[in-house]
Amino acid sequence: MRKAYGIKSLMIYLESVNYPITEDEINDLILNKKIPHLRPIDNLLIFNLDYIDGWLSDQQSNP
């Protein structure tokens, strides 16, 4: 399972797949539970990149 730890890592990954997004936009998506993520403890966010790829496909097919 591919993972990104933290918002900055996710931003780097999203930019590498031509879907640049700001930290504020990611925070809004997290708050509204619109992006797949795990928060096992308060200061740690984990993004499963396989789930993020699925989320990206949904975003691109439903703009």
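What follows is calculated from the coordinates using simple rules that are stated; it is not laboratory data. Since we're looking at a predicted model, the values are computed, not measured. Here Cβ is always computed from backbone atoms with ideal geometry, including for glycine, and neighbour counts include all displayed protein chains.
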ask   = Filtering the range 47-59 down to residues that are touching a residue at least 40 places away in the same chain (Cβ under 8 Å), of a type outside the set (A, V, I, L, M, F, W, C) and part of a helix (DSSP H, G or I), which residue is surrounded by the fewest Cβ atoms within 10 Å (Cβ to Cβ)?
value = ASP50
query = Filtering the range 28-46 down to residues that are among the β-branched types (Val, Ile, Thr) and out of contact with any helix residue (DSSP H, G or I) (no Cβ under 9 Å at 6 or more places or on another chain), which residue is surrounded by the most Cβ atoms within 10 Å (Cβ to Cβ)?
reply = ILE46
ask   = For the range 1-27, how many residues are within 13 Å of GLN59 (Cβ to Cβ) and either loosely packed, with under 13 Cβ neighbours inside 10 Å or not aromatic (Phe, Trp, Tyr) (or both)?
value = 7
